[in-house]
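The values are calculated or read from the model by the stated rules, or taken from the named source; none is laboratory data. Remember, it's a predicted structure, so these values are computed and weren't measured experimentally. Cβ coordinates were reconstructed from backbone atoms using ideal geometry, including for glycine residues, and neighbour counts include every protein chain displayed.
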Amino acid sequence: MPVTLKDVAKRAGVSRSAVSRTFTDGASVSEKMRLRVEKAAAEMGYTPNALASSLTTGRTRLIGLVSNNFHNPIFLEVFDLFTRGLQDRGLRPLLVNLSDETDPAQSVRMLQQYSVDGVVVASSTLTPSFSLAFRDARLPIVHSFGRHSSTPQVHVVGIDNVECGRMAAREFVARGYKHVGFLGGPEAATSTQDRIEGFLAELSLYPDMNVTHSFAKAYSFEAGRQEMNRLLKAKPQEAYFCGDDVLSIGALSAVHDAGLKVPEDIGLLGLNDMQMAGWENINLTTIRQPIQQIVSASIELIVAMLDEPDRYPEARLFPSSLVERSTLKPRV
């Protein structure tokens with residue numbers, strides 16, 4: 001039989017309420033009493049029941065970790081960092097898959113059923129309406145990898161995707177490309193919209209540049225491969241900013257299968273710098289998104305909101321940088 005709170009109280013020679021207070025954050029208990037109870041609990045192998053504790057404190061310490069793009073390997077890294085980071089803070093992540101979900105209200109109801117204490121939306125493709133719906137339901141909310149705004153309505157942590165588009169364009173100009181393309185993710189995604197906005201705006205400063213754009217159906221390997229195969233049937237551009245590493249890797253596969261070389265025939269530039277991008281057989285030149293910092297800042301904010309749910313929304317923006325590998329020709 002599992003050891004109960006009553007058993008620990010008997011062993012320590014104290015009341016059950018004293019044991020309960022010892023294992024309840026913020027509860028009043030003397031240091032002498034705490035040490036006495038903890039010693040008895042350790043000797044008996046007692047572990048507090050988190051569910052029972054939530055009934056006492058009104059907090060489950062569950063944090064909904066919401067995303068919708070499980071086809072993109074980058075989120076294996078994102079989820080690993082989030083789950084470990086939340087657990088290190090004594091919180092319990094509840095992973096929620098909102099792929100193909102279009103109704104924010106349904107998502108809110110789902111998470112309310114689990115009595116989560118807060119929500120982290122880890123997605124650049126879910127519309128802002130989801131974060132706003134959680135906010136309106138009075139759930140502490142942080143949108144990681146969300147769209148930057150100088151006047152955010154919820155906490156947003158991420159990068160300046162418009163600037164990333166400009167950065168990609170400047171790299172193409174510096175390397176002497178004249179015919180370039182944007183191969184983005186889903187057209188409706190705010191990350192795609194912002195990246196192409198910056199890309200086209202920067203290249204508009206160079207009238208001699210020939211620029212095209214197209215969109216993949218998803219941020220996935222197969223979608224990137226499919227779109228590049230379509231582009232290769234016509235006269236392809238000299239280089240493509242794929243707007244995401246997994247799209248770039250799909251495009252790279254299509255280019256190689258067509259008997260062409262990268263970067264000699266077609267240059268490719270990604271975004272994210274996920275672990276796979278550095279594999280020797282890929283070696284993708286990419287724009288690095290500082291995922292570790294974004295996740296850490298998101299956790300810091302959601303933890304702060306548990307004690308201060310009306311905290312004024314802020315946007316935390318992290319700079320991106322180029323990671324030079326071998327899928328673009330050298331600067332001229």
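Worth pointing out:
- The requirement of being under 23 Å from L76 (Cβ atoms), surrounded by fewer than 21 Cβ atoms within 10 Å (Cβ to Cβ) and either at pLDDT 95 or above or touching a Phe, Trp or Tyr at 6+ places or on another chain (Cβ under 8 Å) (or both) is satisfied by S296.
- Residue ranges of strands (runs of 3 or more DSSP E) in the range 245-320 with at least 3 members within 27 Å of V173 (Cα to Cα): 267-272, 286-288
This table checks each residue for (1) buried (at least 22 other Cβ atoms within 10 Å of the Cβ); (2) in contact (Cβ under 8 Å) with a residue 24 or more places away in the chain; (3) outside any loop (DSSP other than H, G, I, E, B).
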position	(1), (2), (3)
V121	yes, yes, yes
L126	yes, yes, no
F134	yes, yes, yes
V142	yes, yes, yes
R147	no, yes, no
S191	yes, yes, yes
E197	no, yes, yes
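- Answer from L322, L317, L306, L301 - the residue that is under 16 Å from V119 (Cβ atoms) and either surrounded by fewer than 20 Cβ atoms within 10 Å (Cβ to Cβ) or in contact with a Cys (Cβ under 6 Å, 6 or more places away or on another chain) (or both): L306
- Counted residues, the range 19-33 - those being modelled with pLDDT under 85 and either of a type in the set (K, R) or outside any loop (DSSP other than H, G, I, E, B) (or both): 4
- The range 109-119: number of residues that are of a type in the set (A, V, I, L, M), assigned to a helix (DSSP H, G or I) and in contact (Cβ under 8 Å) with a residue 24 or more places away in the chain: 1
- Contacts under 7 angstrom Cβ, first residue in the range 234-257 being in contact (Cβ under 8 Å) with a residue 24 or more places away in the chain and not assigned by TED's automatic domain parsing to the domain that holds N210, partner surrounded by fewer than 24 Cβ atoms within 10 Å (Cβ to Cβ) and in a loop (DSSP other than H, G, I, E, B), 6 or more apart: none
- Filter result (part of a helix (DSSP H, G or I) and basic (K, R)) within the range 54-108: R84
- If the condition is being basic (K, R) and at pLDDT 95 or above, then the range 213-235 contributes R225, R230, K233.
- Among the residues of the range 1-18, those that are in a loop (DSSP other than H, G, I, E, B), at negative phi and at pLDDT 85 or above comprise V14, S15.
- When R170 is tested against the conditions (1) within 25 Å of L284 (Cα to Cα); (2) crowded, with 24+ Cβ neighbours inside 10 Å, the lone failure is (2).
- Any hit, the range 224-232, residues being exposed (fewer than 15 other Cβ atoms within 10 Å of the Cβ), outside any strand (DSSP E or B), touching a strand residue (DSSP E or B) at 6+ places or on another chain (Cβ under 7 Å) and not β-branched (V, I, T): no
- Selection status of S150, within 21 Å of A315 (Cα to Cα), outside the structural domain of L271 (by TED's automatic domain parsing) and among the polar types (S, T, N, Q): yes
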